[in-house]
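The values are calculated or read from the model by the stated rules, or taken from the named source; none is laboratory data. What you are looking at is a predicted structure, and each value in this text was computed from that prediction instead of being measured. Note: ideal-geometry Cβ built from the backbone for every residue, glycine included; neighbour counts use all protein chains shown. Only protein heavy atoms, including side chains, enter the accessible area calculation; ligands, DNA and RNA are left aside. Shrake-Rupley method; radii C 1.70, N 1.55, O 1.52, S 1.80 Å.
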Amino acid sequence: MPKVKVFSTPTCPYCVTLKEFLKKNNIEFEDVNVAEDAAAREEMIEKSQQMGVPVVEIDGQIVIGFDKEKISQLLGIKK
Amino acid sequence: MANKKYDLIIIGGGPAAIAAGIYAARAKINTLIIAKTFGGQMTRKTVSIENYPGFKSISGADLVKKFVEHLQEYNVKIVSDSTGVIKKIGKTFSVKTAHEGWFDAMAVIVASGADPRPLEVPGEKEFIGRGVSYCTACDAPIFADKAVAVIGGGNSGFEAALALTKYAKKIYILEYAAEVKAEESNINLAQKSKKIKIMTSVEVKKILGDKFVSSVEYQNRRTGQAAALDVQGVFVEIGSIPATGFVKDLVDFNERDEIIIDSRTCATKTAGLFAAGDVTDVQYKQIGIAAGEGVKALFSVANYLRK
């Protein structure tokens, strides 16, 4: 199983869509709330070099935003 | 290979598109919805929606979820993609998507809504995601303990600023005109907040920074004096522009780039091509109105297909 970490905020609709997409495809992931976790916020900004959510880390690879195509490709999700 | 053919293609994922989709399914019209994402501008709302009948107070994200769940009760084909171009050959429309190829239909409803209007100043594009944001609802928490500017003293600007007070340490509302234009209650709340400073007659000139945004340069339109504010975030809330890039030749536009429709039927100048919601020149932009316009367009489609 790939190691998947989602950096998100509770108020961000694209974060909800992203997490629902992962759940639908039975992908286990760690969900980090950067609204509350200041250390995770810094980690996200450092790793993604930007300040927007969602960010997803898949085995060390960073994807910014709900980029369905790229996430599917990295996780081997077929259409 | 021939393109997959439908009776109707609906372009968009907001309330107009979803309402049209539900009515189309119930009318047994073979329908495809092409939408990049669902919810449209509702997903970017920073405050709860409190004027949609049946819901006293609901977040944009939750109302979108309810809309989409309702749509999915029906057998409507959905393609998650952006639309490249629409062509009409004879009586058939061909719609090109970015990744999923071409689809054909006898009728089309354009309900692609509107995107946030960019400020169009130097530095804006370069710093998107690195301080510049068009989605306060998404990104506000990232700016905890930082100073930010909200560009635009309209209602959405005030809503954004008030949402930001939970996180940011200082919020400047920058308005181009001499006066702000927002709901009285929002202006009162903002004036009471120690974190918010309202500045009028401000023309933003430039967004500056290194890796991330560090300041905004502006000119005071009363005095002509130039100055700068140290901010790490810039939230652009100056309205929206209709998303119509793919439909240029088949419709007429008004001076705001909205698609001109027959207000009785949602018809455009091209037979079989209808438009609904915020993408059109409908006078008021509301969720309830967009949904109603979607329904109106669908009835016109049903009439058109019967001919």
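For the stretch B:223-307, the Cβ-based charge dipole about the Cα centre amounts to some 560 debye (Lys, Arg positive; Asp, Glu negative; other atoms uncharged).
Amide H to amide H, with H built 1.01 Å from N, B:Y6 comes under 5 Å of B:D104, B:A105, B:M106, counting only residues 5 or more places away or on other chains.
Taking Lys and Arg as +1 and Asp and Glu as -1, the other residues whose beta-carbon sits under 9 Å from that of B:Y167 total +2.
Ordering B:Y176, B:A227, B:A160 by Cα displacement along the dipole of the stretch B:132-236 toward the positive end leaves B:A227 in first place; charges were set at the Cβ atoms of Lys, Arg (+1) and Asp, Glu (-1).
About the centre of its Cα atoms, the stretch B:132-236 shows a dipole size close to 280 debye [charges on the beta carbon of Lys, Arg (+1) and Asp, Glu (-1) only; nearest 20 debye]. Using Cβ point charges alone (K and R +1, D and E -1), the dipole size of the stretch A:4-75 about the Cα centre works out to roughly 300 debye.
Backbone geometry of the stretch B:152-168 corresponds, through the Karplus equation with coefficients 6.51, -1.76 and 1.60 at θ = phi - 60°, to 3J(HN,Hα) couplings of x, x, x, 5, 5, x, 5, 4, 5, 4, 5, 5, 6, 4, 5, 10, 6 Hz, x marking Gly and Pro. The residues neighbouring B:T136, those whose beta-carbon lies less than 13 Å from its own, together hold a net charge of 0 under the Lys/Arg +1, Asp/Glu -1 convention. For chain B, the mean residue ellipticity at 222 nm estimated from helices alone is -7000 deg cm²/dmol, where every DSSP H run of n ≥ 4 contributes -39500 (n - 2.57) and the total is divided by all residues, rounded to the nearest 500. Could you name the aspartates and glutamates whose alpha carbon sits less than 18 Å from that of B:K194, not counting residues in the same chain fewer than 8 places away? In chain and number order, the partners are B:D145, B:E159, B:E184, B:D230.
Packing around the peptides B:296-305, B:154-163, B:50-59, taken as the average count of other Cβ atoms within 10 Å per residue, puts them in this order, highest first: B:154-163, B:296-305, B:50-59. In chain A, the DSSP-assigned H stretches of four residues or longer account for a calculated mean residue ellipticity at 222 nm of -11500 deg cm²/dmol, using -39500 (n - 2.57) per stretch and the full residue count as denominator.
Roughly speaking, to the nearest percent, how much of the stretch A:4-75's 1.4 Å accessible area is carbon and sulfur? The C+S portion of the solvent-accessible surface of the stretch A:4-75 is 46 percent. Here chain A is scanned for GluC sites (Glu not before Pro) in DSSP loops (not H, G, I, E, B) that have at most 12 other Cβ atoms within 10 Å, and the longest stretch holding none of them is A:37-79.
Take the alpha carbon gyration tensor of chain B, find the square roots of its eigenvalues, order them as a ≥ b ≥ c, and report rounded if a/c is under 1.5; if not, report prolate when a/b exceeds b/c, else oblate. In terms of gyration-tensor shape, prolate. Going by the alpha-carbon gyration tensor, a ≥ b ≥ c the square roots of its eigenvalues, is the stretch B:113-251 rounded (a/c under 1.5) or, if a/c is not under 1.5, prolate (a/b greater than b/c) versus oblate? Rounded. Straight distance only, please: which aspartates and glutamates reach the Cα of B:K96 with their own Cα at less than 17 Å, same-chain residues fewer than 8 apart left out? Leaving aside aspartates and glutamates fewer than 8 places away in the same chain, those within reach of B:K96 are B:D7, B:D81, B:D104, B:D249. Straight Cα distances below 17 angstrom link B:K45 to the lysines B:K56, B:K65, B:K66, B:K166, B:K285, with same-chain residues fewer than 8 positions distant left out. Given B:K5/B:K248; B:K5/B:K77; B:K146/B:K211, which pairs have Cα atoms separated by over 19 Å? Long pairs (Cα-Cα over 19 Å): B:K5/B:K248.
GNM remark for chain B: springs join alpha carbons under 10 Å apart, and the peak mean-square fluctuation among B:L189, B:L119, B:L273 falls on B:L189.
What the phi angles of the stretch B:71-85 give under the Karplus curve with 6.51, -1.76 and 1.60, with θ = phi - 60°, is a coupling list of 4, 6, 5, 10, 8, 10, 6, 10, 10, 8, 6, 8, 8, x, 7 Hz, glycine and proline written as x. Result for chain B in a Gaussian network model with C-alpha springs under 10 Å: among B:I128, B:I289, B:I109, the largest mean-square fluctuation is at B:I128. For B:I196, neighbours were defined as the other residues whose beta-carbon sits under 14 Å from its Cβ, and their charges (Lys and Arg +1, Asp and Glu -1) total +4. At 1.4 Å probe size, with the rest of the protein present, what percent of the exposed accessible area of the stretch B:99-188 is carbon and sulfur atoms? With neighbouring chains kept in place, the figure for the stretch B:99-188 is 50 percent. Using 0.36 nm per residue and subtracting the Cα-Cα separation, the extra length available between B:A2 and B:Q225 on full extension is 74.0 nm.
Using the 1.4 Å probe convention, the accessible area of the protein assembly as shown works out to 49 Å² per residue with neighbouring protein chains retained. Within the stretch B:187-231, the ratio Rg/Rh, alpha carbon atoms throughout and Rh by Kirkwood, equals 1.06.
Anisotropy class assigned to the stretch B:32-126 is oblate, per the alpha carbon gyration tensor with a/c at or over the 1.5 cut-off and a/b no larger than b/c.
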